[in-house]
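*Asks:* Pasting in a structure now, in structure tokens, and then I'll have a few things to ask.
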């Protein structure tokens with residue numbers, strides 16, 4: 001499972017999909033232990049003009065007393081980048097080409113070159129960090145931007161309303177999930193990212209269409225339609241972080257609007273199941 005399937009970063013063709021009548025991206029009500037709020041599955045990168053904000057989402061945002069993201073620190077892009085460079089680089093690393101199977105070397109170089117970089121330039125990064133940068137390079141031809149993602153729009157809405165913005169974890173915790181992976185798992189992630197990048201548009205089109213419809217079942221199995229999930233990566237990047245997030249949710253009260261990547265709300269060990277097991281009532285409202 002590469003980074004595309006893990007994070008549900010999305011691109012699409014020239015005609016962005018729209019929510020179906022009476023539907024839209026999946027939204028849940030979460031109640032219990034002092035909380036009466038909402039849980040929303042996001043997509044971090046989008047093309048222009050995707051109209052995802054439906055009336056139920058707008059109502060939830062208006063009624064919420066705070067926004068809770070995966071990490072509130074994503075608002076500080078300079079700090080996030082500096083931390084990525086600090087954690088993602090190491091001296092004396094082998095050339096990146098030697099960290100993928102021989103049959104993938106040509107594709108790795110092609111993806112890097114099309115994204116304006118090279119395997120040589122990426123060789124100073126650990127395999128997990130190189131995979132992230134390679135995925136970002138592959139997206140450049142798809143005309144997508146983090147600025148079009150869900151999180152910036154939510155941040156702007158809550159800032160305009162004068163409501164606080166918090167997070168379930170730090171950016172360092174996010175990166176550490178990858179940084180502490182065994183090298184063999186990091187290299188599998190790198191190879192899977194190369195494979196997904198070969199047909200990124202088709203993969204992302206499928207994910208975006210499922211997300212905009214609120215089709216959680218399709219999102220749950222999407223990674224299995226591309227690369228077989230690596231259990232080591234899946235456990236570290238999804239399941240273990242979800243378990244940590246439950247503890248963070250238990251520290252909340254009031255009416256939070258909790259927005260996390262849609263991949264965390266579907267599939268094995270998802271956040272909704274973990275919250276329900278801790279006594280929360282989680283009800284689909286869109």
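Taken together, the values in this text are just the output of simple stated rules run on the coordinates, not laboratory data. Quick caveat, the model's predicted, so the values are computed rather than measured. For neighbour counting, all protein chains shown are included, and Cβ atoms are generated from backbone atoms with ideal geometry for every residue, glycine included.
*Asks:* What does the convex hull of the Cα atoms come to per residue for the chain, in Å³? Could you put the intermediate results ahead of the total?
*Replies:* Working: hull volume 33.8 nm³, N = 286.
Here the figure is 118 Å³ per residue.
*Asks:* Right, here's the next one. I'd like to compare 157-163, 247-253: which one has the highest average count of other Cβ atoms within 10 Å, and what's the full order after that?
*Replies:* Those peptides, ordered most packed to least, come out 247-253, 157-163.
*Asks:* Another question about this same structure. For the stretch 152-224 and the stretch 103-119, what is the separation of their Cα centres, given in Å?
*Replies:* Distance between centres, Cα-based: 22 Å.
*Asks:* What order do you get for 205-212, 165-172 when each peptide is scored by the mean count of other beta carbon atoms within 10 Å, highest first? Intermediate values should be presented prior to the final figure.
*Replies:* Values: 205-212: 22.1, 165-172: 18.2.
The packing order, highest mean first, is 205-212, 165-172.
*Asks:* Oh, and also: What Kirkwood hydrodynamic radius do you get for the stretch 76-141 when you take the inverse of the mean 1/r over all pairs of distinct Cα atoms, in Å? Show your work: numbers first, answer last.
*Replies:* Values: mean 1/r = 0.0818 Å⁻¹.
Across the stretch 76-141, the inverse of the average 1/r is 12.2 Å.
*Asks:* Subtracting the Cα-Cα distance from 0.36 nm times the residue separation, let me have the gained length for residue 33 to residue 170 in nm, one decimal.
*Replies:* On the way: separation 137, 0.36 × 137 = 49.32 nm, distance 2.35 nm.
That pair, residue 33 and residue 170, stretches by 47.0 nm at full extension.
*Asks:* Pairs of alpha-carbon atoms within less than 8 angstrom and 6+ residues apart define the contacts here; what relative contact order does the chain have, in percent?
*Replies:* Once divided by the residue count of the chain, the mean separation gives 39 percent.
*Asks:* What order, most packed first, do the peptides 232-243, 78-89, 34-45 have when packing is the mean number of other Cβ atoms within 10 Å of each residue?
*Replies:* For the peptides 232-243, 78-89, 34-45, the packing ranking is 34-45, 232-243, 78-89.
*Asks:* Then there's this: When DSSP assigns beta bridges and you keep just the ones with both residues in the chain, what percent turn out antiparallel, to the nearest 5?
*Replies:* 50
*Asks:* Can you tell me the orientation of helix 105-114 relative to the chain, as the angle in degrees between its alpha-carbon axis and the longest Cα principal axis, to the nearest 10?
*Replies:* On a 0 to 90 degree scale, this one is about 60.
*Asks:* Tell me the relative contact order for the stretch 90-189 as a rounded percent, counting alpha carbon contacts under 8 Å between residues six or more apart.
*Replies:* Dividing the mean separation by the residue count of the stretch 90-189 yields 29 percent.
*Asks:* Compute the acute angle (0 to 90°) between the alpha-carbon long axis of helix 216-226 and the principal axis of greatest extent of the alpha-carbon atoms of the chain; round to the nearest 10°.
*Replies:* For 216-226 against the chain, the angle is about 10 degrees.
*Asks:* Next question. Testing the spin-label approximation: label points 7 Å from Cα along Cα→Cβ at residue 79 and residue 285. State their distance in nm.
*Replies:* 3.0
*Asks:* What number, in nm² with one decimal, is the all-direction average of the projected area of the convex hull of the alpha-carbon atoms of the stretch 165-286?
*Replies:* 8.4
*Asks:* In nm, to one decimal, how far is the residue 62 label point from the residue 93 one, both placed 7 Å along Cα→Cβ?
*Replies:* 4.8
*Asks:* Helix 240-250 against the longest principal axis of the chain: what's the angle in degrees, Cα atoms only, rounded to the nearest 10?
*Replies:* Here the helix axis deviates by roughly 20 degrees.
*Asks:* Right, something else. Whole Å is fine, so just give me how far the alpha carbon centre of the stretch 75-95 lies from that of the stretch 228-286.
*Replies:* Value for the Cα centre distance between the two parts: 27 Å.
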